[in-house]
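Take a look at the structure below.
Read the figures in this text as sums done on the coordinates, not as results from a lab. The structure displayed is predicted, hence computed values, not measured ones. When we count neighbours, we look across all protein chains shown, and the Cβ atoms used for this are built from the backbone with ideal geometry, even at glycine.
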Amino acid sequence: MSHFTLSQMAVTVPVSSDFSATRSVFKVSNLNVRDKSWAPVFTLDMKAKNYGSRRNHNVICMSVQQASVPKVNVSPLELENPTEPPLNLHKPKEPYTATIVSVERLVGPKAPGETCHIVINHDGNVPYWEGQSYGVIPPGENPKKPGSPHNVRLYSIASTRYGDFFDGKTASLCVRRAVYYDPETGKEDPSKNGVCSNFLCDSKPGDKIKITGPSGKIMLLPEDDPNATHIMIATGTGVAPYRGYLRRMFMESVPKFKFGGLAWLFLGVANSDSLLYDDEFTKYLNDYPNNFRYDRALSREEKNRNGGKMYVQDKIEEYSDEIFKLLDNGAHIYFCGLKGMMPGIQETLKRVAEERGESWEEKLSQLKKNKQWHVEVY
Ligand code: FAD
């Protein structure tokens, strides 16, 4: 590190024109800086073909953060200026018409169900902060109110405010297709499939989409202390806001937010084919071993210590001593995903607290009072 300081090192290089991203990974050619060999691999969830004009732009800024890990330049940095998050810029009566950039299946063939990564071009007109949600109004008529549009469905935004192309013009969603199976026959009944999730997962580049929002303040990433600890618990698509946080922490070069704390992600899914954004998270693990921890609970593949299915709360229990200590020291804890995840988690936390001779009720009310406790389940 004798040649340069952390903040001095910034080199802009053109992104390789070979941009044929599959499953979120593309490479840029090796770069040699003052005898240091660089072999950066960036992750980008996009099929850049649909956003062709970005291909040859200089978007990558190498900045030496830790062990020569390159970060990506983002713009416009004015998106950092507001002191309050944008809220409900577009209401259901006047939604913004955006355009689908890409739809990518995120899961492998053995995953039960389908989850898609959907990039939406809002042209900078629906800015948002990490942890917020967009509303989507699917096309068609509300069956309960003939003549009226469908109700808004909310989706957590899975990108940072700069979007997957780092230019502040897109937002990404992580959507699980809601499929209905008849409980008696076990057969799929397409007439009862979820309206909006199927519209989103079936949409094609260029399709128009009506969006509202952004909304939500509960899951905003507190940035007053860049060295804070953030414990993120997700089941399935609940990982969406954390993908945004983690890209901001580890992928993007954001002068105003230089993360030096600990981010610890617990992700619960059915099996390894169901993992979401695993390439990105694994890369952070390699690049920032002191700042990132990543624990996965694969319910249909792994057993917990009692021989039952491995759920996210079993992983929490495994690390409960550390988690409780981190909470005592001011860590933020976030929960996002299906509603059904909370009772099991709360039970586990309560049991652990009691084993430690603490009252969970008191601890929880303290965490809430200190604004350390963030829950968004649906
Ligand atoms: P709907 O059409 O609303 O149907 C709902 C369910 O009912 C479906 O499972 C459908 O199969 C079933 N159904 C339909 N008709 C019948 C019938 N006649 N009888 C019985 N069942 C029936 N989801 C994500 O995938 N990703 C996210 O990041 C995400 N974030 C969210 C954030 C927030 C804050 C909230 C509140 C929700 C979030 N959701 C997210 C959930 C999302 O808003 C939708 O609820 C979800 O996609 C289902 O909407 P849909 O229009 O596809 O289904």
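Using the structure shown, decide if Leu265 is more than 20 Å from Asp321 (Cα to Cα), within 16 Å of the ligand (Cβ to nearest atom) and in contact with a helix residue (DSSP H, G or I) (Cβ under 8 Å, 6 or more places away or on another chain).
Taking the combined requirement at face value, the residue does not satisfy it.
Could you look through region 353-378, keep only residues that are of a type outside the set (D, E, K, R) and over 28 Å from Asp224 (Cβ atoms), and pick out the one that is surrounded by the most Cβ atoms within 10 Å (Cβ to Cβ)?
Only one residue tops the list, namely Ser359.
Out of region 147-163, which residues are away from the ligand (no atom under 12 Å from the Cβ) and more than 17 Å from the chain's Cα centre (by Cα)?
Here is the first cut: in region 147-163, the residues away from the ligand (no atom under 12 Å from the Cβ) are 147-149, 160-163.
Within region 147-163, Gly147, Ser148, Pro149 qualify.
For region 164-211, give me each residue that is among the polar types (S, T, N, Q), free of Cβ contacts under 8 Å to residues at least 24 places away in the same chain and either within 20 Å of Asn121 (Cβ to Cβ) or more than 9 Å from the ligand (Cβ to nearest atom) (or both). Working first, answer last.
We begin by selecting, within region 164-211, every residue among the polar types (S, T, N, Q); these are 170, 172, 185, 191, 193, 197-198, 203.
Restricting the remaining residues to those that are free of Cβ contacts under 8 Å to residues at least 24 places away in the same chain gives 185, 191, 193, 198.
Thr185 - this is the single residue of region 164-211 that is among the polar types (S, T, N, Q), free of Cβ contacts under 8 Å to residues at least 24 places away in the same chain and either within 20 Å of Asn121 (Cβ to Cβ) or more than 9 Å from the ligand (Cβ to nearest atom) (or both).
Which one is surrounded by the most Cβ atoms within 10 Å (Cβ to Cβ) among residues in region 305-339 that are without any contact (Cβ under 8 Å) to a residue 12 or more places away in the chain and not charged (D, E, K, R)?
If we take residues in region 305-339 being without any contact (Cβ under 8 Å) to a residue 12 or more places away in the chain and not charged (D, E, K, R), then Gly308 is surrounded by the most Cβ atoms within 10 Å (Cβ to Cβ).
Residues of region 66-88 being in contact with a strand residue (DSSP E or B) (Cβ under 7 Å, 6 or more places away or on another chain) and in contact (Cβ under 8 Å) with a residue 40 or more places away in the chain, which ones? I'd like the intermediate steps shown before the answer.
Taking region 66-88 first, the residues in contact with a strand residue (DSSP E or B) (Cβ under 7 Å, 6 or more places away or on another chain) are 68, 70-74, 86-88.
Of everything in region 66-88, those that are in contact with a strand residue (DSSP E or B) (Cβ under 7 Å, 6 or more places away or on another chain) and in contact (Cβ under 8 Å) with a residue 40 or more places away in the chain turn out to be Lys71, Val72, Asn73, Val74, Pro86, Leu87, Asn88.
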